[in-house]
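Engineer: One structure is given below, represented as structure tokens, and several questions about it will come after.
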Amino acid sequence: MSDSAKEIGGQVAARTSAEASKEQAKPALRGEIITSIGLDGTSRGPEPEMVYLERIRTLGDNHPRFEIDGDVVAEYAESMRSGAKFPPVTVIKDGEIYWLVDGGHRYEAAKRCGLQVISATVESGCERDAVLHAVGANAGHGKRRSNQDKRKAVMILLQDEEWGKWSDSEIARRCNVSPDLVKSVRDESGTYGR
């Protein structure tokens, strides 16, 4: 079955990539919109695809969110059921796996609604690419990151053998935080250029 799908009368119908590209972009699921939103709030990237929720994996301990907010998930799910439009989630396609890098609350809400597919901006890469993308997500949209979220994102990079050697400025740029925060977390953790 194709990775692209659309919901028709509550049923998911598979379609080939060729069929999908011929069709004009139009919402296929309640709770989605077609444009992808970048960190600066502007449209970016390729047209979203419909991806089966069962094929999406979260980053577990390497996800920079300290926790998923159940109240936000419930609110989003209720809005999805009412037909509200949401931006696509962002995933990194790694072979047959789609790593969720942005849109955890929307993903959980779609699961709660019993949806089979979700609109996603799909980029190619591996799990490391997904982690690196995720540490900077939600800086300018969605549920704002808490200070715990920001600190966790910095720690993910600091604890990595390669990324931990980066300068405070580079880690700050990747995590969309200040270099002072990176320095503070580095000092507290004793993680100096692993």
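The values are calculated or read from the model by the stated rules, or taken from the named source; none is laboratory data. Please read all numbers here as calculations on a predicted model, not as lab measurements. Methodologically, a virtual Cβ is constructed for each residue, glycine included, from the backbone with ideal geometry; neighbour enumeration extends over all protein chains shown. SASA here: full protein model, heavy atoms, side chains in, ligands and nucleic acids out. Shrake-Rupley method; radii C 1.70, N 1.55, O 1.52, S 1.80 Å.
Engineer: Within the stretch 136-177, track down each residue that is among the aliphatic types (A, V, I, L, M), modelled with pLDDT of 90 or more and closer than 25 Å to Asp71 by Cα. First the steps, then the outcome.
Structural biologist: Looking only at the stretch 136-177, we keep the residues that are among the aliphatic types (A, V, I, L, M), and these are 137, 139, 153-158, 171-172, 177.
Now narrow it down to the ones that are modelled with pLDDT of 90 or more: 153-158, 171-172, 177.
The answer is Ala153, and nothing else.
Engineer: Something else now. Out of Ala139, Ala77, Ala130, I need the residue that is open to solvent by less than 10 Å² (accessible area, probe 1.4 Å) and closer than 30 Å to Ser189 by Cβ. Which one?
Structural biologist: It is Ala130.
Engineer: Would you point out the residue of the stretch 80-107, among those that are crowded, with 20+ Cβ neighbours inside 10 Å and over 19 Å from Glu47 (Cα atoms), that is farthest from the chain's Cα centre (by Cα)?
Structural biologist: Met80
Engineer: For the stretch 148-194, how many residues meet the condition of being open to solvent by less than 70 Å² (accessible area, probe 1.4 Å), among the small types (Gly, Ala, Ser) and assigned to a helix (DSSP H, G or I)?
Structural biologist: The total comes to 5.
Engineer: OK, next. Taking the stated definitions as given, is Gly125 free of Cβ contacts under 8 Å to residues at least 40 places away in the same chain and within 20 Å of Phe66 (Cβ to Cβ)? Steps first, please.
Structural biologist: On the way: free of Cβ contacts under 8 Å to residues at least 40 places away in the same chain: yes; within 20 Å of Phe66 (Cβ to Cβ): no.
Considered against the rule, which asks whether it is free of Cβ contacts under 8 Å to residues at least 40 places away in the same chain and within 20 Å of Phe66 (Cβ to Cβ), Gly125 comes out as no.
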